[in-house]
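Novice: Got a structure for you, questions after.
Quick note: the coordinates plus some simple rules give every number you see, no bench work behind them. Because the structure is predicted, anything quoted here is derived from the model rather than measured. Backbone-built Cβ (ideal geometry, glycine too); neighbour counts: all protein chains shown.
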Amino acid sequence: MTPREDLYQPRLRRRRVVGRLFTWSCAAMSLIGVGVLAVLIVRVFLDGYPSLSLDFLRRFPSVLMPETAGIKSALWGTLWLIAITLLVAVPVGIASAVYLEEYAADNRLTRFIHLNIANLAGVPSIVYGILGLALFVRWLHLGRSVLAGALTVSLLVLPVIIIASREALAAVPDSFRQAAYGLGATRWLTVRSHVLPAALPGIVTGVILALSRAIGEAAPLIMIGALTYVAFVPAGPLDDFTAMPIQIYDWCDRPQHEFHQLAAAAIIVLLGILLPMNAVAVAMRAWHNRRKVW
Amino acid sequence: MVMVTDSTSAMPIGPFVGPLPIPAADRTDSAASRSGGPENVIQTRDLSISYGRFRAVRDVTLDFKANCVTAIIGPSGCGKSTLLRAINRMNDFVPDCSAVGSLLYRGRDVYAPECDPVELRRRIGMVFQKPNPFPKSIYRNVAWAARINGYRGDLEELVERSLRQAALWEEVRDKLNQSAYALSGGQQQRLCIARAVALQPDVLLMDEPCSALDPIATARIEDLIHELKERYTVVLVTHNMQQAARVSDRTAFLLMGDLVEAEATDVIFTRPNDKRTQDYITGRFG
Amino acid sequence: MSTRGRRIREKGIETLLFGCALGSVVTTAGIIWVLTSESVLFFRAVSPGEFLLGTRWAPLIEPRSYGVLPLICGTFLASGGALLVAVPIGLASAIFLSEYASRPVRSVLKPLLEILAGIPTVVYGYFALMFVTPRVLQPLLPQTEVFNAASAALVVGVMIIPTVASLCDDAFRAVPRSLREGAYALSATRLEVSTRVVFPAALSGVVAAVLLAFARAVGETMAVTLAAGMTPKLTLNPLTSIQTLTSYIVQVSLGDTPAGTIEYHTIFAVGMTLFTITLLINVIAHRVMRRFREAYE
């Protein structure tokens, strides 16, 4: 009888070598993204650093004299946008998530709403701009104001907030709720004092990520008519405005090299706001996952 | 810093130093027939296995004889599965697991640096508690391991042979291209057995193979084990004492990581030496 | 508070919350209403046939032509190119993260990839225009124009790597451990387990991930506008400037187009096209994803 050995040719050495090659190429590919990120940041920094100064933050943009241009109007426009978006999108988003997760029965309407939100999350931001143009600028006669811009951006980030909040609420174990109901609490009381606090870190992470998305968007704001050259700071929600991403876009679009440098400097400021925000959100998520009591 | 944890690649390339010993069934002159008794295929000597600081298996010295069914019984959490998984080094995938002592397969230390776990698992196959067929067709499930290991013979013949050995051939012969998931639980488990024997291993480890199955499927697999021991050495972990009594030739009783007693099955179940064995068998504790 | 008062308050809160949730439905309805009603006005002047099948897009200059195919072609050229970049890298990253990387490596690499996702698209546009084209593409391929589809595809690809990687990672982790164990017990190496068991088992999850990333690339605006230019043409040449659906909408908005004119209505017709394409891709992707999840739960 032939020994079994002859029938199998396991070629272990070859499989091992191929396995090693595969591992290292996967690792290398993973680092490509990180590598590009590093090149991008270094590039932007080198380009923009010469123009960066405190005056840069305090001056208005200038078309004629790039040396004295600044991002004051864009910076304040962005701040106004964040403030209004925070006030509008966050409560509505969390409230929607609370309803869908804690109150709604699992029926066709709820599933339809859920599907709807998932689809909205995938709609391009410029389509939200078109909606904002028709709804806020024209129909509600808000004009090209910072309020119209903020409302448009709120609609854009609402699905993100809702989805993140729903996940955070769903992650709270049922035993929390049962314990409260068992003591005679109403549903709202249970949610407010037991479930929401437990889900808060996840919700906050989602809100921060949503807001950082809002800060970076230019397309919807261009759609509603935010101007690219604005030399004043909005004094009220109905004033015209511009925002950081729009200013960056405008400066990139010009042929003169000095404006490109200004764009890079503005990017540094923008990333200086966004990267810490993202880092805080990611760190909070990691911290929450580690210390989860359940 | 070790960047990549890959237990199989941490070992040097290559099988055991020197060719692996040929299993008894293939030798033209079997050592068993020469020496007049079954040889020890697997031996442990003072084997202790720990997860971190918790010792799950403590100083176990045990022999597993060729073409025998050896059952390992004991209450939940006593270390039976840990011991079983140490034999084909499946414990390598548990991050904190470490082993002290020796575990010999045909005289060679399984935990020695020159032992390649992948090569080892070709000789020592395993069937798990819950059937885990691949989401592929029945044919491809059985043929998978043979293909990967460069089987040069007739694959269809191998698949048929393996399915016959697992007593599944008649039921699936005309639907080999169907998904394995269309089979019942008992059939899936027999498919997993067929998959394991397709590699023509030396030893078959079975980790509570019937615990997820109904009594009828269980009975079929127990009959199967009787047939399997003609060709393979079988180590069976079970929490069902009656199953051990029905199926095995030798039984080892593990309690809290310690080997209390290991004897021929009829001896253990009728005149055990240790009082703890007696208590367990009579149901004093479970 | 009396029981009746409490019940009224509870009901009031529930209604308020329901109103908020319904807001999402209102949003979708609003989008569809706006796009449809204004597009209808467009299609009164231009036949759908000319729009969908015409090969020249020139709504703002004489002679006018309203064939949207060049924009769709530009969109798919840029997005398809982005997928060529993002899918291999994202997939390889996901395999590495889920099958090979140890926990400390994973805890560093995953957040880094998420940071990549947090960078705004204008920044990627700047990078494409100021670095990728002059320092990477033009030295290698001198016939590359200042505005070209390739630089847009490259940076959008990098932008969606985290999307692909994270969704594929989720798909791989959804494959049960028992399947991997069974494969290892059959004398397989890690490579074989990853590529011949885990990956095929996770395939529909991977497909859904790729589709979702594609939809994101299609909707990308600012990076493409900055990098790819504004010349609509029906071409497969990635080294020349093109125009996508999104960058056309931006172009018209930045100009002075009075409301009610046909040029104004092109915004909505093109927007409608864009919305339909992304909606279709997203719906298919979610359906595939749901089928994948059902198989493993």
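Novice: Considering the range A:29-183, what Rg and Dmax in Å follow from its alpha-carbon atoms?
Specialist: That works out to 21.7, 70 Å for Rg and Dmax.
Novice: Once Rh is set to the Kirkwood radius over Cα pairs, what Stokes-Einstein translational diffusion coefficient, in µm²/s, holds for the range A:72-291 at a temperature of 20 °C and a viscosity of 1.002 mPa s?
Specialist: Details: Rh = 18.8 Å.
Approximately 114 µm²/s, per Stokes-Einstein.
Novice: For a quick check: sort A:ARG59, B:ARG121, C:ARG291 by the number of other beta carbons within 10 angstrom, fewest at the front.
Specialist: C:ARG291, A:ARG59, B:ARG121
Novice: Going by how many other beta carbons lie within 10 Å of each one, how would you line up B:HIS226, A:HIS260, fewest first?
Specialist: Result, fewest neighbours first: B:HIS226, A:HIS260.
Novice: Restricting to lysine pairs 8 or more places apart or on different chains, what number in the protein assembly as shown have Cα atoms under 30 Å apart?
Specialist: Within the protein assembly as shown, the lysine pair count is 13.
Novice: Now a separate question. Other chains' Cβ within 10 Å of A:245-253 residues: what's the mean? Kindly include the intermediate steps, with their values, before the conclusion.
Specialist: Numbers: counts 6, 3, 1, 7, 10, 2, 2, 11, 5.
The shielding value for this peptide is 5.
Novice: Continuing with this model, one more query. If amide hydrogens are placed 1.01 Å from N in the peptide plane, which non-local residues have theirs closer than 5 Å to the one on C:SER102?
Specialist: It is B:THR5, by chain and number.
Novice: Which whole-angstrom value gives the distance between the alpha carbon centres of the range C:46-75 and the range B:121-139?
Specialist: Value for the Cα centre distance between the two parts: 58 Å.
Novice: If r is the Cβ-Cβ distance from C:LEU280 to B:ARG147 and R0 is 45 Å, what FRET efficiency results, to the nearest 0.05?
Specialist: 0.70
Novice: On a C-alpha basis, how far is the centre of the range A:16-87 from the centre of the range C:82-104 in Å? Whole number, if you could?
Specialist: 24 Å
Novice: Here is a further query. Dividing the convex hull volume of the Cα atoms of the range C:147-231 by its residue count, what figure in Å³ per residue is obtained?
Specialist: Taking only Cα atoms, the range C:147-231 has a hull volume of 90 Å³ per residue.
Novice: Residue by residue through the range C:195-211, which ³J(HN,Hα) values in whole Hz follow from phi under the Karplus form 6.51 cos²θ - 1.76 cosθ + 1.60 (θ = phi - 60°), with glycine and proline marked x?
Specialist: Residue by residue, the range C:195-211 yields 8, 10, 10, 5, 4, x, 5, 9, 4, 5, x, 5, 4, 4, 4, 5, 4 Hz.
Novice: I'd like the projected area of the range C:57-295, averaged over all directions, using the convex hull of its alpha carbons. Report it in nm² with one decimal. Before the final figure, lay out each step's value.
Specialist: Numbers: hull surface 60.5 nm².
That works out to 15.1 nm².
Novice: Now for a separate question. Under 5 Å between amide H atoms, partner at least 5 residues away or on a different chain: which partners does A:PHE60 have, H built in plane at 1.01 Å?
Specialist: A:GLY70, A:LYS72
Novice: Quick one: what Rg and Dmax do you get for the range B:58-141 from the alpha carbons, in Å?
Specialist: 14.6, 43
Novice: Ok, one more. Please give the direction-averaged projected area of the C-alpha convex hull for the range C:198-297, in square nanometres with one decimal.
Specialist: Projected area, direction-averaged: 8.6 nm².
Novice: Give the Debye-formula value of log10 I(q)/I(0) at each listed q (0.19 Å⁻¹), with one equal scatterer per alpha carbon of the range C:1-99, two decimals each.
Specialist: Taking Cα atoms of the range C:1-99 as identical point scatterers yields -0.99.
Novice: In addition: Note down the magnitude of the dipole of the protein assembly as shown about its Cα centre, charges +1 on Lys and Arg C-beta and -1 on Asp and Glu C-beta and zero elsewhere, to the nearest 20 debye. Don't skip to the end; give the middle numbers.
Specialist: Numbers: 83 positive and 68 negative charges, 207 e Å.
Dipole size: approximately 1000 debye.
Novice: Roughly how many Å is it from the Cα centre of the range A:227-294 to that of the range C:245-297, as a whole number?
Specialist: Cα centres, the range A:227-294 to the range C:245-297: 25 Å.
Novice: Let me ask you something else. Which ³J(HN,Hα) values, rounded to whole Hz and listed in residue order, are derived for the range A:72-89 from phi using the Karplus coefficients 6.51, -1.76 and 1.60 in 6.51 cos²θ - 1.76 cosθ + 1.60 with θ = phi - 60°, glycine and proline given as x?
Specialist: 4, 5, 5, 5, 5, x, 4, 5, 4, 4, 4, 4, 5, 4, 4, 5, 9, 6
Novice: If you place +1 on the Cβ of every Lys and Arg and -1 on the Cβ of every Asp and Glu, how big does the dipole about the Cα centre of the range A:72-291 come out, in debye to the nearest 20?
Specialist: Once rounded to the nearest 20, the dipole reads 500 debye.
Novice: Specify which residue in the list A:LEU209, A:TYR249, A:ALA231 is farthest towards the positive end of the charge dipole of the range A:72-291, using unit charges on the beta carbon of Lys, Arg (+1) and Asp, Glu (-1), about the Cα centre.
Specialist: A:LEU209
Novice: Going by how many other Cβ atoms sit within 10 Å of their own, how do C:VAL108, A:VAL157 line up, fewest first?
Specialist: C:VAL108, A:VAL157
Novice: Please give the average number of partner chain Cβ atoms lying within 10 Å of the Cβ of each residue in C:254-266, rounded to a whole number.
Specialist: Mean number of neighbouring Cβ atoms from other chains: 1.
Novice: Right, another one. Take peptide C:8-15, look around each residue's Cβ out to 10 angstrom, count Cβ atoms belonging to other protein chains, and average those counts.
Specialist: If you average over the peptide's residues, the count of other-chain Cβ atoms is 3.
Novice: Here is a further query. Tell me, what ³J(HN,Hα) does each residue in the range B:195-205 have, in order and in whole Hz, if you take phi through Karplus 6.51 cos²θ - 1.76 cosθ + 1.60 with θ = phi - 60° and put x for Gly and Pro?
Specialist: After applying 6.51 cos²θ - 1.76 cosθ + 1.60, I find 4, 6, 6, 4, 7, 6, x, 9, 10, 10, 9 Hz.
Novice: With +1 on the Cβ of every Lys and Arg and -1 on the Cβ of every Asp and Glu, and nothing else charged, how large is the dipole of the range C:103-179 about its Cα centre, in debye rounded to the nearest 20?
Specialist: In total the dipole reaches around 380 debye.
Novice: A further question follows. Per the Kirkwood definition applied to all pairs of different Cα atoms, how many angstroms is the hydrodynamic radius of chain B? Walk me through the numbers before you get to the answer.
Specialist: On the way: mean 1/r = 0.0507 Å⁻¹.
Every distinct Cα pair counted, the radius reaches 19.7 Å.
Novice: So who's got an amide H within less than 5 Å of the one on A:ASP239, skipping anything under 5 residues away but keeping other chains? H placed 1.01 Å off N, in plane.
Specialist: HN-HN under 5 Å from A:ASP239: A:VAL146, A:LEU147.
Novice: In Å and whole numbers, how far do the C-alpha atoms of the protein assembly as shown stretch along each principal axis, longest first?
Specialist: 103, 80, 55
Novice: I would also like to ask the following. In whole Å, what three semi-axes, largest first, describe the equivalent ellipsoid of the range B:82-219 built from its Cα gyration tensor (square root of 5 times each eigenvalue)?
Specialist: Value: 28, 18, 12 Å, ordered largest first.
Novice: Arranged from highest to lowest average of other beta-carbon atoms within 10 Å per residue, in what order do the peptides C:242-255, A:175-188 appear?
Specialist: Descending mean neighbour count gives C:242-255, A:175-188.
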